[in-house]
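Notes for the one structure printed next.
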Amino acid sequence: MTPNQYTPEEPISSIATALAPAALGIVRVSGKGCIELVSRVFSRPKALLEAAGNTLVYGWIISEGAKIDEVMLAVYRAPKSFTGEDMVEIFCHGGPAVVMAVQNLMLKSGFRQANRGEYTFRAFINGKTDLTRAEAVKEIIDSHTDVSRSHAAGRLAGGLFEEIDSIKKLIIDTLAAIEVEIEYPEDEETIADSFDRTDIETAASRLQALADSWRGEKLYQDGARVVLAGRTNAGKSSLFNAILKEERAIVSDIEGTTRDWLESWASINGIPVRLFDTAGLRQTSDVIEAQGVEISRSLVHDADVVLYLVDGTVGMNDEDRQFIENCAEPLVVVYTKSDKCGGVTGAEPPLEGVAEDAVETVVEPVETNVSTVAGARGRLSPPVCKISSKTGAGLSELFAQIYGLLTADLGGMGASSTTERTQAGLGSARQKEAVSEALECVRHALVSADDNYSLDAVVQDLEDALDSLGEVTGDVTPDDVLGSIFANFCVGK
C-alpha cells in the first residue's frame, strides 16, 4: 500500500478480531459513504444515518429480509476517527460463522476487502498519525511482555515524535541564524564564529542517545534465545516448566525422556525470551536420541544465553567441565535440586542414600571447579546459581544472571523499569538508519564549521539532517518504504 494505490473514496471492510469462538467479533469499515452502505443492511437505517459521531446504535444486520445477527454499531464521523474518514465498527457475536457472514455481506454491499495495514495507512495519509506512532501500533500487537508493550505505548503516545520534533527545532533555529548571517554578513574571524554551536552540539548528543537506544529496544522487541542444556536427568524439563509456570515438558527419572526440543516464549525480568528445553547431552547408541543430542548442540551454538544444568545431588563430572570449557556462548552454570541437598535455607533435608559429605562436596566447591575450568580458557568464570525447580528457590537469582548477560553491553539502556527509561527509544531498524544518517550530517556540519568551510556547506549538512529526521516521522518518506512498513500489519489494522 502506497499513496499511488490509495483511493480515499473507496470504502473498505475487514474483520478486526481473530476468527475464533469468542463473546464478540468486530467488523470494521471505513471510507466515503461507508455509513450509508451499512445502513442498507441495518434494521434501523434512519437511526444510523442520523447518528452523531462517537455514538452507538443498536439493531440487526439483515440480508434480503433475513436477520443475520443482533449487533451494536459504533459510529465515527470524519475527521474524528482513527482513519480520519467516516467509520463504522460492527460489534457482533464472536462465532466465526457469524463474523464471516457479516463480513461477506459487507463485501457484497459495496465494500472492498481492506489490505494489510490499510486502516493505519489511511490514518497516516490523512494526518491522524505519524510513522513513529503507526509503527508503534504493530509493536504493541507483537509485544511479548509488559515491558516491551510499555515501550511501544510510549512511542504510540508520541514520545519519539516529540523528541524528534524537539531535535529538529534545534537544527531549524541554527539554520535560521545562519541564513541571517548569509544575508547580512559581518566581519568574522572564522566561519565557526558566525553562529552559536550550542544547539547543534545538543542535537548531536540527543541523536546519539536515540541511535544507542535501538540495541536495547531491539532486545525487548525481538527477544533472546535461552537454551537449557546439560546431561540427562539434570533437571532441564523441570526448570522449563518452572519458568513457564505450567507443565509443558514431561518430567521423569528415566534418562533420555526428552529426545526432541521444546520451545516457548517466557519473560525474564521483562525481556521476552524463547526458552528451549533440549535433550540430555550424552553418548548414546539410540539413533533417535542421538539425533536429539545433535539438535541440542546446534541450539546451544545459536543461543544468546546457555543455562548449563548440573544435578546438585550428583555433582559435576569431566563431561560437564569439558562443555563449560568449550562453550563460546554466554553461560550460567545452574546447580539443580537444591531442595534435595540442603543448598537452600529451610529446604527439605537430603534424600536417603545421599551422604552428607557427598552433598557438601556438591554444594560447596561449585565456584572452585568452574573457576578452574574458566581460567584454563582465559576468560572470566561464568556465574553460578543453585536452584530448586520444585520450590522455586534461587529462580529470582537465576533470572537476574540471565538479565545481566543479555543487557551486559547495553549500559543503562538495559533497565527493565519503564519509569527509568526514556519513552523516546527507537522502534525499528528503519528509524535507527535515518537517525544515524541525521547524526552523521550534524557532526559533519560541526566539522565543516571547524574547518572553515563556507556557511552554505554547513547549511547543506543541516538540511540533509532535517530530511533524514523527516523520514523517521514520515514527513519525507519514499513510497517503497511505506509499502514495506504497512505490508507487515494485519488486515484489520
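The values are calculated or read from the model by the stated rules, or taken from the named source; none is laboratory data. Please read all numbers here as calculations on a predicted model, not as lab measurements. Using ideal geometry, Cβ is built from the backbone for each residue, glycine included, and neighbour counts are taken over all protein chains shown. Accessible surface is based on the protein model in full, side chains and every heavy atom, while ligands, DNA and RNA are left aside. Shrake-Rupley method; radii C 1.70, N 1.55, O 1.52, S 1.80 Å.
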In segment 440-457, which residues are in contact with a helix residue (DSSP H, G or I) (Cβ under 8 Å, 6 or more places away or on another chain) and at pLDDT 85 or above? CYS441, VAL442, ARG443, HIS444, ALA445, LEU446, SER448, ALA457
Residue check for GLU64: open to solvent by 20 Å² or more (accessible area, probe 1.4 Å) and either at pLDDT 95 or above or touching a Cys at 6+ places or on another chain (Cβ under 8 Å) (or both): no
Considering every residue within segment 200-219, establish whether at least one is over 26 Å from the mean Cα position of the chain (by Cα), assigned to a helix (DSSP H, G or I) and among the small types (Gly, Ala, Ser). yes
Quick one: which residue in GLU36, GLU85 is in contact (Cβ under 8 Å) with a residue 12 or more places away in the chain and surrounded by 18 or more Cβ atoms within 10 Å (Cβ to Cβ)? GLU85
Which residue pairs have Cβ atoms closer than 8 Å, lie 6 or more positions apart in sequence or on different chains, and pair a first residue in segment 321-336 that is among the aromatic types (Phe, Trp, Tyr) with a second residue that is outside any strand (DSSP E or B)? PHE323/LEU281; TYR335/GLY312; TYR335/GLY343; TYR335/VAL362; TYR335/VAL363; TYR335/VAL366; TYR335/ILE387
Among the residues of segment 115-125, are any open to solvent by 10 Å² or more (accessible area, probe 1.4 Å), without any contact (Cβ under 8 Å) to a residue 40 or more places away in the chain, aliphatic (A, V, I, L, M) and farther than 30 Å from SER63 by Cα? no
Could you list, in sequence order, all residues of segment 148-171 that are of a type in the set (Val, Ile, Thr) and either exposed (fewer than 13 other Cβ atoms within 10 Å of the Cβ) or at pLDDT below 90 (or both)? none
Taking into account only those residues within segment 75-85 that are of a type outside the set (Ser, Thr, Tyr) and over 16 Å from ALA47 (Cβ atoms), which is nearest to the chain's Cα centre (by Cα)? PHE82
Residue check, GLU179 against (1) modelled with pLDDT of 90 or more; (2) in a helix (DSSP H, G or I); (3) out of contact with any Ser or Thr (no Cβ under 9 Å at 6 or more places or on another chain), all met but one. Which one? (1)
All positions within segment 442-456 that are open to solvent by 10 Å² or more (accessible area, probe 1.4 Å) and touching a residue at least 12 places away in the same chain (Cβ under 8 Å): ARG443, HIS444, LEU446, ASP450, ASN452, TYR453, SER454, LEU455, ASP456
Could you count how many residues in segment 145-162 are of a type in the set (Ser, Thr, Tyr), farther than 12 Å from GLU217 by Cβ and touching a helix residue (DSSP H, G or I) at 6+ places or on another chain (Cβ under 6 Å)? 0
In segment 304-339, how many are assigned to a helix (DSSP H, G or I), among the acidic types (Asp, Glu) and within 17 Å of SER237 (Cα to Cα)? 1
Do we have ALA134 as within 22 Å of GLY33 (Cβ to Cβ), crowded, with 18+ Cβ neighbours inside 10 Å and among the aliphatic types (A, V, I, L, M) here? no
Candidates TYR76, TYR6, TYR58, filtered to the one that is within 24 Å of GLY127 (Cα to Cα), open to solvent by 20 Å² or more (accessible area, probe 1.4 Å) and at pLDDT 95 or above: TYR76
Considering only segment 457-475, state which residues are open to solvent by less than 50 Å² (accessible area, probe 1.4 Å) and not in a loop (DSSP other than H, G, I, E, B). ALA457, VAL458, VAL459, ASP461, LEU462, ALA465, LEU466, SER468, LEU469, GLY470, VAL472, THR473
Residues of segment 374-398 satisfying the condition of being modelled with pLDDT under 80 and over 12 Å from VAL333 (Cα atoms): GLY375, ALA376, ARG377, GLY378, ARG379, LEU380
Residues (surrounded by 18 or more Cβ atoms within 10 Å (Cβ to Cβ) and outside any helix (DSSP H, G or I)) located in segment 293-303: ALA303
Hey, which of the helices (runs of 4 or more DSSP H) in segment 1-119, taking only ones fully inside, have at least 1 residues that are touching a helix residue (DSSP H, G or I) at 6+ places or on another chain (Cβ under 7 Å)? 34-39, 45-49
For segment 253-265, state whether one or more residues are more than 20 Å from ASN317 (Cβ to Cβ), surrounded by 23 or more Cβ atoms within 10 Å (Cβ to Cβ) and modelled with pLDDT of 90 or more. no
